[in-house]
Amino acid sequence: MSFSTRSIREIPGEPSAKFADEISKRLSRFLTKDQLDFLDNKEDIYTDGQDVDEVVRFHDELLSTKTFDFVTKYYPPGEPDLDKLKLWVRARNTGSNNATDWSGYDNECLMVRSEPILMDGSPFDYGIHTGGVKSICQRFNAPNRDTTNLEHYKITDNARLQVSGISTGISYFIRFRILDLAAQDGLERTLFEKIDDSTPNNAAMLKVSVDGRLKGVVKQGGSTLAMQTAAGTIAVNTVYEVWLTYDVTGSPTMHIYVNNVDKTLTTDAGAVNWQANLTNHDLFLFRRGFDTTGGYVYGDFYDFELFREKVVSATEVSHHFTNKWTLSDIAFGQVMIAGYWATYHSSIIIPPTTSYNSLSYTATSYTTYSIVGGASFTITSFTSTSFDT
C-alpha cells in the first residue's frame, strides 16, 4: 500500500496543507516499514510508479509559404497506389512515438529512443513552397545528447516488407544527409537493415563505408548478393537520393542509383555482419538492427520508400529525381500534393463584336423570303438601323 501526493504539482505554503502533506508521508513510511526488512540494502520505498519528464518544443524558424498562381497545372501521382508501394516514412514529427506510414498500409513505424531535431532541409527542395523553408528533415544521433547513438526508426515486421517470397524484385529508396562517415562502434554507418528470419536466409541492408562507398546486400533463399559502388560516392553534409533495386528474374541483379546516376558496382567481398540478435525481424532505419550497438547514422533523414514486387526502372528513377515525389512522369512543382496545389483555371473572354452593324445586316438582306412551294413575302421589321451597333 502507498499514498501519493504527486497529483499536487506544488505544495502550497498554507499551514493546514503542509500538515496534511507531512501526515501523508509519515503514514506511507509507517505502512511500508515492514517491507524494508525484505530488501537487500534497506532501500526506501517512496513511489508506486515511474515519473516521466516531458518537453514541449516550438520550431518557429521552420516556416514556409505557398503562393498559387492559378496557372500552373497539377497532376496526380501514381502512388500511394495500395499495390507496389508498401511503406513510405517521412520526416514529419519528433519524439518517441509512432510515425505515419504514408503508403496507406498503416505499417507500425516507431521512433525508438529518439528525440530527433527538426531541421531546415535546405538546399533540398520538394517543390511545394514558394517562400521560406523548402523542406524539413529529422536529425538523428547528434553528439552530446542523452540519446546519441540510440536513435532510429523501427518498422514492425510483416510480409509486405520482406525479401522472402518475392518473384519479381524489390526496390528501396532513401533520402538522407550524413554528417559523419567514421565507423560507429566498429561498424559502417547503416542506412537500413532488415532480416526476415533467424538464420537469416532472407535479408537486405544498405550501408556507407568510411570512404563513402555505398554497400548494398540482399540475401534471398540463402543466396547473398553483395555489391558496392566502385568508388567513394557519399560525402558529408550533402543531400542524396539513393535507390537500391534488386531484380530476381533470371540471374539476380542489383542497381544503386545516386542522384539519378546508375553507379558502377563491384562485388563487395567484406563481411556482411547482420544484426547481433537474429530473433527480431523488424525493419531498422539509421542503425544496424536489433541488439547491435554500432552502425548508427549521425545525420538527417528525409524519406524512405519500399516497393515490393517492383524493380524501379532507370526512367522511373529519373522521374522521381525530377519531381521529388513520384515515379510518374510529372514536372517539378506540378505534383498534386494535398494542401499544396490549386485548381487550374482558364477563362475565355469574348471581345465586343462588330459583326452586328449596318453593313452586315442591310435592308436588302432581310427583305424578301420565299416559302417553299408558295409565294414570297417581305419583312420590313429588319432594317439597317435595328441591327446597327
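The values are calculated or read from the model by the stated rules, or taken from the named source; none is laboratory data. From a predicted model like this one, the values you see are computed outputs, not experimental measurements. Please note: Cβ atoms are built from the backbone with ideal geometry, for glycine as well, and neighbour counts cover all protein chains shown.
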(request) Within segment 286-307, track down each residue that is in contact (Cβ under 8 Å) with a residue 60 or more places away in the chain, in a loop (DSSP other than H, G, I, E, B) and of a type outside the set (Ser, Thr, Tyr). (result) PHE286, ARG287, ARG288, GLY289, GLY294, GLY295, VAL297
(message) Given the options THR238, THR245, THR229, name the one that is of a type in the set (Val, Ile, Thr) and surrounded by fewer than 16 Cβ atoms within 10 Å (Cβ to Cβ).
(response) THR238
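Restricting to segment 76-103, name every residue that is acidic (Asp, Glu) and over 15 Å from the mean Cα position of the chain (by Cα).
From segment 76-103, those acidic (Asp, Glu) are 79, 81, 83, 101; that's our starting set.
If the condition is that a residue be acidic (Asp, Glu) and over 15 Å from the mean Cα position of the chain (by Cα), then ASP81, ASP83 are the ones that fit.
Go through segment 142-201 and report how many residues are of a type in the set (Val, Ile, Thr) and buried (at least 21 other Cβ atoms within 10 Å of the Cβ).
Within segment 142-201, residues that are of a type in the set (Val, Ile, Thr) and buried (at least 21 other Cβ atoms within 10 Å of the Cβ) number 7.
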(message) Condition (residue is in contact (Cβ under 8 Å) with a residue 60 or more places away in the chain, surrounded by fewer than 18 Cβ atoms within 10 Å (Cβ to Cβ) and among the aromatic types (Phe, Trp, Tyr)) applied to segment 75-86: is it met by at least one residue?
(response) yes
(message) Among the residues in segment 209-219, are any of a type outside the set (D, E, K, R), within 22 Å of GLN138 (Cα to Cα), touching a Ser or Thr at 6+ places or on another chain (Cβ under 8 Å) and touching a residue at least 24 places away in the same chain (Cβ under 8 Å)?
(response) yes
(message) Being among the small types (Gly, Ala, Ser) and within 22 Å of the chain's Cα centre (by Cα) is true for just one of ALA182, ALA204. Which residue is that?
(response) ALA204
(message) I'm trying to understand the selection: among the residues of segment 293-341, which are assigned by TED's automatic domain parsing to the domain that holds TRP102, more than 18 Å from SER171 (Cβ to Cβ) and buried (at least 20 other Cβ atoms within 10 Å of the Cβ)?
(response) GLY295, TYR296, VAL297, TYR298, GLY299, ASP300, PHE301
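Sort through TYR240, TYR246 and tell me the only one that's touching a residue at least 24 places away in the same chain (Cβ under 8 Å), in a strand (DSSP E or B) and more than 16 Å from MET205 (Cα to Cα). Quick ask: steps written out before the conclusion?
Numbers: TYR246 fails: more than 16 Å from MET205 (Cα to Cα).
After applying the criteria, what remains is TYR240.
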(request) Just name the residue that is farthest from ILE117 (Cα to Cα) out of those in segment 172-198 that are among the hydroxyl-bearing types (Ser, Thr, Tyr) and touching a Leu at 6+ places or on another chain (Cβ under 7 Å). (result) SER198
(message) What pairs come out if I take residues in segment 253-281 that are within 30 Å of LYS324 (Cβ to Cβ) and pair them with residues that are part of a strand (DSSP E or B) and of a type in the set (Lys, Arg) whose C-beta lies under 8 Å away, six or more apart or interchain?
(response) ASP268/LYS215
(message) Given the condition at pLDDT 95 or above, assigned to a loop (DSSP other than H, G, I, E, B), surrounded by 22 or more Cβ atoms within 10 Å (Cβ to Cβ) and hydrophobic (A, V, I, L, M, F, W, C), answer yes or no: does some residue in segment 263-285 qualify?
(response) no
(request) Looking at (1) outside any loop (DSSP other than H, G, I, E, B); (2) more than 22 Å from the chain's Cα centre (by Cα); (3) surrounded by fewer than 22 Cβ atoms within 10 Å (Cβ to Cβ), find the lone condition where VAL218 falls short. (result) (3)
